[in-house]
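Undergrad: Can you read through this structure? Questions will come right after.
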Amino acid sequence: MTKQKVTWTEIANVSEFSGFNTGDVVPIEVEQDTGIKHSIILVKCSDKEWFALDNLCTHDNGPLDDGEVHLKSCAIECKRHGAQFNIKNGQVVRMPAIHPVDTYPLKIENQILYIQLQN
Amino acid sequence: MAKITIQKKIKTNPFEELSKLLNTPELESVYPHRQMEPWRRFDPAKLLPAFAENLQNGITMSSVKIAESSESGRPALNSAAKWKSVDEIFLQKARNNLKLFKKTEATEFFENFISKSVSDEHLHILKLSKNETCEQIPVIEISPVDENKLHVNIIYIYCEEFSNATINIIKKPGSFDLTILYIFQEKKSRLQLRHLDENNRPSQGVNFLKYHQEDGSISKSGIYNLCNSQSKKVFVESNLRENSSAEFMGIFLGRYSNVDHDFLVNHLESFSKSNLLFKMSVMDDSYGVFWGNADIVAGTRGCEAYQQNKNLILGNHSRVDAIPRLGIHTENVIAAHGSATGEISEEEVFYMMSRGLSYAEARKLLLRGFFEDVLRKSFEHDVDEADAFLERIWKNIQNILGVEISV
Amino acid sequence: MNDLESTKAKSKDKASFEKEDYKYGFHDAEQFIFKAERGLTEEIVRNISKIKNEPQWMTDFRVESYRIFLEKPMPNWGDVKGLNSIDFESIYYYLKPTGGQERSWDDVPEDIKNTFEKLGIPEAEQKFLGGVTAQYESEVVYHSIREDLEKLGVIFTDMDTALREHSDIVKKYFSTIIPPSDNKFAALNSAVWSGGSFIYVPPDTDVAIPLQAYFRINAKNMGQFERTLIITDKNSKVHYIEGCTAPTYSTDSLHSAVVELIAMEGSTIRYSTIQNWSNNVYNLVTKRAVAYENARVEWVDGNIGSKVTMKYPAVYLKGRGAHGEVLSIAYAGKGQHQDAGAKIVHAAPDTTSSILSKSLTKDGGQSTYRGLIKVYKDSINSKSSVKCDALMLDNKSTSLTLPYMEIEEERGVRVQHEATVSKVDDDMLFFMTSRGISEDDAKGMVINGFIEPFTRELPMEYAVELNRLIQLEMQGAIG
């Protein structure tokens, strides 16, 4: 299996996110050169770091961006039927969801936030 | 360099934006029966952004013309069939009967939009004259005119009493197509229609096929959606009056495509019969949806409604949704439907491989067999024209699969 | 009720009673210790929890669910008109008829015993049934567990007792299958639930006797919000039956239950229901099961009564080799709308499922089958088969079949669906009448044959009762 080259896509300067608090959900849309669009949410469940998840509840294929963040369990809950996903790794915490949500690695370099789109 | 948009608030509703653009009231009613879980399946609302974008570039009609269908050089049209140039009295009658095509909530927005965008001079009417049999097969060809604009078409096929014809329609898509095909059949007319959506470029669109059949009329329609990189919503609606019968057969082959087929057959009066056979096969990130609605209204007797749906998933992240529905409001009916979904049988592939075919060839052959019965049904009683059209269909299939299929 | 009647009731075997008008159209003079007010507020929710002496986490859960209930919109599908006509403010959400829990039959107050007599539960029967949790006015008044069950380690109590005595198990599983945000009525139930059964079967245990429960709505505008949780540990087996009745009232009653089933590896749960609510009840139930590896869940669902029933027993097949089955019948007579169905979700390889739904409609009733088969990606070799049959008995009724199949995986997958709608075959009737059978009887026989796949899965007394009920419903209206 050939090792895929890891490419980091720049999102924005970290200061752009200073207005967001822990527990907020930031929806972003990333359009790659190939024309493929990704709808992603950035969530913080502690003061420390951001996590990036697919903006898709795997139960009904609807968006997660209006979901509620549970800080203690670090999970995001889809408002429509109560499905919960772990923010850090996308795993299902509560039904009726079954499949985990895709997550994307993030890194901060020189005050700029990068996301890795190839999983 | 990728483009990033940070949305500081929740994404806007595509319906809202389009409402503003078109200055129309709430569009949510366009898909009322989907509001329950609008994202569960390929949501035609996803077509709206492309619709809006093309709309901004302007509206145009496609080029719609009747072509010679046979190589023998005989004219396709004669006294039996008249294209566009029809007398005023007939036009009046035809327009009156347009009212019988009821709009459903789901389709009202697009239908209204189309009728507002198309003036009478752009209305394409094909008249099939009373008591006449059309010897040749008219072929209606629809092709795009301007790559970036929104193509809007209304085509009206009117069959007078006791007329008898076979018509082929070949549509080449533009980047966004809105097409309505009205088919009105007066008493005891017979019509065979074959509708081929060719594939030559990525495109999106919404297509309507609306039928209205008066007493004793018979229709047989073949719908062939062969798609590569296309997203479409196809509505097929049929009103059946007493003793009329409608037969639909269709295939969908999708590659990198999302196509939603919404069939609705209304049995309005007694002894009407319908038979729907639809086969889908999807591959490479495709999404095929089949809605088969048969409605038999209260107070009718002896209606028969059959639906059969078979789906093959050929692999690579594809998905099929099948929703065959029955709405029966009276007891004196025979209504049945069946749907089956699966993959190409490994056993059968093995059987063929053990007789010398390669894996790929075996799968191709089985896929061909899958479509064969539908195509055979569509071309049952034909000679001459059948081969040419069939060949065209197979050629399209080959193009999509990227492989040779020996016909 | 006089002595003669009570003797009559006692001497009748449950299976042989006749159903005239509506036998259960009676209600005792109400005597309660505490009567909650109509309508719902956060204070009432807290009171319910306080009266039951619940742990803090349950009180918090109820209050949170109440908040969700207020926020959630009403479903905009199904019997929308009927749903929107429910007046939540005019319902009593909690009622406690006596001071506490009774252990043996002798301790139960006389007129509550009378109620059970009328329902036809002779004293002797409890020995056979093995454990009856009978609910009266939202509270478990009487329950007893056979010693055998206790020896096996099987826990079979009402939900309130389970919360007190087995709080660790309850807390682990409660609401993990159906969260309050699932839908508006699950949220309502989560806020005001009371009563219902709790069953835990330890590993490698086969509960040979079906466990049963009875409950009914009595006071005017009484809502029933029982909550059932059944957990079978590895390789265990249990069969639970519920059958309920309710007296006739002029204003509408609401029955909004939540049933959660968890079948661990290799275990089997069969859950049978016969619902015969009177024709003013809204029966809106959320039932869901999870089947782990090689487990089996079977829902046997009979919908005979109620004004509107919206119920879709679901099985989520989460483990390899799991099997889900739903067998349901619906009978919709005058003014009834049975919107039933099934949901099966294949989320693991080698899972199988089968749905058989039969419906009967007459006198303008409406029956709807609404079902979902979803096959997620990577559920290789999943097979599913759905069969829906509808029998229409006149030309005033309506039958809708709305099956949804969403298939995301193709390797080894086979999903098939078939449905038919028809009337009683004229040829068949002619055949029978020409042999001396009356037309009414002939139609009755055809109908019994039609629902036979369902009745043969029920324990004998239920099957007989069901056949009786159907026949009585059909009588006079046939032909």
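Every read-out reported here was derived from the displayed coordinates using simple, explicitly stated rules and does not represent laboratory data. As the structure is a prediction and not an experimental result, all values here were calculated from the model. Ideal geometry is used to build each Cβ from the backbone, glycine not excepted, and the neighbour counts take in all protein chains shown.
Undergrad: Distance in nm between label sites at B:Asn97 and B:Ala360, each 7 Å beyond Cα in the beta-carbon direction?
TA: Rounded to a tenth, the inter-label distance reads 5.0 nm.
Undergrad: Taking R0 as 51 Å, what FRET efficiency do you get between C:Asn279 and C:Trp57 from their Cβ-Cβ distance, rounded to the nearest 0.05?
TA: Computed FRET efficiency for C:Asn279 and C:Trp57 comes out at 0.85.
Undergrad: Further question on the same structure: Using DSSP, restrict attention to beta bridges with both residues in the range C:289-420 and report what percent are antiparallel, rounded to the nearest 5.
TA: That works out to approximately 0 percent antiparallel.
Undergrad: Okay, moving on. Under a 5 Å amide H to amide H cut-off, with H placed in plane at 1.01 Å, what residues pair with B:Ala335 once short-range neighbours are removed?
TA: Amide H neighbours of B:Ala335, under 5 Å, 5+ apart: B:Ala305, C:Val421.
Undergrad: Next question. On a full-extension model of 0.36 nm per residue, what is the gain between B:Val297 and B:Thr104, subtracting their alpha-carbon distance, rounded to one decimal in nm?
TA: Roughly 67.9 nm would be gained on extension.
Undergrad: While we're here: When only C-alpha pairs under 8 Å and at least 6 residues apart count, what is the relative contact order of chain A, in percent?
TA: 26 percent
Undergrad: Amide H of A:Asn55: which non-local residues (sequence gap of 5 or more, or other chain) have their own amide H closer than 5 Å, using H built in the peptide plane?
TA: HN-HN under 5 Å from A:Asn55: A:Ser39, A:Ile40, A:Ile41.
Undergrad: So, in Å, what gap is there between the alpha-carbon centers of the range C:146-173 and the range B:154-206?
TA: Cα centroid to Cα centroid, the span is 66 Å.
Undergrad: How do B:190-201, C:259-270 rank on mean C-beta neighbours within 10 Å, highest first?
TA: Packing order, densest peptide first, comes out as C:259-270, B:190-201.
Undergrad: Which FRET efficiency value, to the nearest 0.05, is calculated for A:Ile112 and B:Lys65 with the Förster distance at 56 angstrom and r the Cβ-Cβ distance?
TA: In this case the efficiency is close to 0.45.
Undergrad: Please give the Cα centre distance for the range C:404-441 versus the range B:263-312, rounded to the nearest Å.
TA: With the range C:404-441 and the range B:263-312 each reduced to a Cα centre, they are spaced 18 Å.
Undergrad: How would you order C:434-443, B:327-336, C:420-429 from highest to lowest mean count of nearby Cβ atoms within 10 Å?
TA: The packing order, highest mean first, is B:327-336, C:420-429, C:434-443.
Undergrad: What are the residues whose amide H is under 5 Å from the amide H of C:Ser194, where those residues sit 5 or more places off or on another chain and H is modelled from the backbone?
TA: C:Phe225, C:Glu226, C:Arg227
Undergrad: What fraction of the DSSP beta bridges in the range B:136-201 is antiparallel, stated in percent and rounded to the nearest 5?
TA: The antiparallel proportion sits near 0 percent.
Undergrad: To the nearest 0.05, what FRET efficiency results for C:Arg46 and C:Glu71 with a Förster distance of 22 Å applied to their C-beta separation?
TA: The formula returns an efficiency of 0.75 here.
Undergrad: Strictly over 32 Å apart at the Cα level, which of B:Lys232/C:Lys374; B:Lys149/B:Lys187; B:Lys273/C:Lys334; C:Lys237/C:Lys343; B:Lys149/B:Lys273; B:Lys364/C:Lys343 would you flag in this model?
TA: In this structure, B:Lys149/B:Lys187; B:Lys149/B:Lys273; B:Lys364/C:Lys343 exceed 32 Å between Cα atoms.
Undergrad: If I model a spin label as a point 7 Å beyond the Cα along the Cα-Cβ vector, how far apart are those points for B:Asn399 and A:Lys72 in nm?
TA: 6.2 nm
Undergrad: Which peptide among B:224-236, B:310-322 comes first, and what is the full order, when sorted by highest mean count of other Cβ atoms within 10 Å?
TA: So the order, starting with the most tightly packed, is B:224-236, B:310-322.
Undergrad: Mind checking C:393-404 for the average number of partner chain beta-carbons within 10 Å of each residue's beta-carbon?
TA: Taking the mean over all residues of the peptide, I get 6.
Undergrad: Sticking with this structure for a sec: I'd like the Karplus ³J(HN,Hα) series for the range C:308-322: coefficients 6.51, -1.76, 1.60, θ = phi - 60°, whole numbers in Hz, and an x wherever there's a Gly or Pro.
TA: Once rounded to whole Hz, the list reads 9, 10, 10, 8, 10, x, 10, 10, 9, 8, 9, x, 4, x, 6.
Undergrad: Another one. Quick one: 3J(HN,Hα) in Hz for the range B:236-242, Karplus 6.51/-1.76/1.60 with θ = phi - 60°, rounded, Gly and Pro as x.
TA: 10, 10, 9, 9, 10, 9, 4
Undergrad: I'd like the distance separating the alpha-carbon centroids of the range C:285-345 and the range B:111-146, in whole Å.
TA: For the range C:285-345 versus the range B:111-146, the Cα centre distance is 49 Å.
Undergrad: Right, next: Please find, in a Gaussian network model of chain A (springs between Cα atoms separated by less than 10 Å), the residue of A:Asp102, A:Asp66, A:Asp47 whose mean-square fluctuation is greatest.
TA: A:Asp47
Undergrad: Calculate the spin-label point distance for C:Asp206 paired with C:Lys172, positioning each point 7 Å from the Cα along the beta-carbon direction, and give it in nanometres.
TA: So the two model labels end up 2.5 nm from each other.
Undergrad: Also, quick follow-up: With +1 on each Lys and Arg Cβ and -1 on each Asp and Glu Cβ, how big is the dipole of the range B:199-242 about its Cα centre, in debye rounded to the nearest 20?
TA: 360 debye
Undergrad: Continuing with the same structure: What's the local net charge at B:Ile170, with K and R +1, D and E -1, over the other residues with C-beta under 10 Å away?
TA: So the surrounding residues net to +1.
Undergrad: Considering only the other residues whose Cβ falls under 14 Å of the Cβ of C:Arg270, what net charge follows from Lys and Arg at +1 and Asp and Glu at -1?
TA: Residues near C:Arg270 contribute -2 overall.
Undergrad: Take peptide C:171-183, look around each residue's Cβ out to 10 angstrom, count Cβ atoms belonging to other protein chains, and average those counts.
TA: Mean inter-chain Cβ contacts per residue within 10 Å come to 3.
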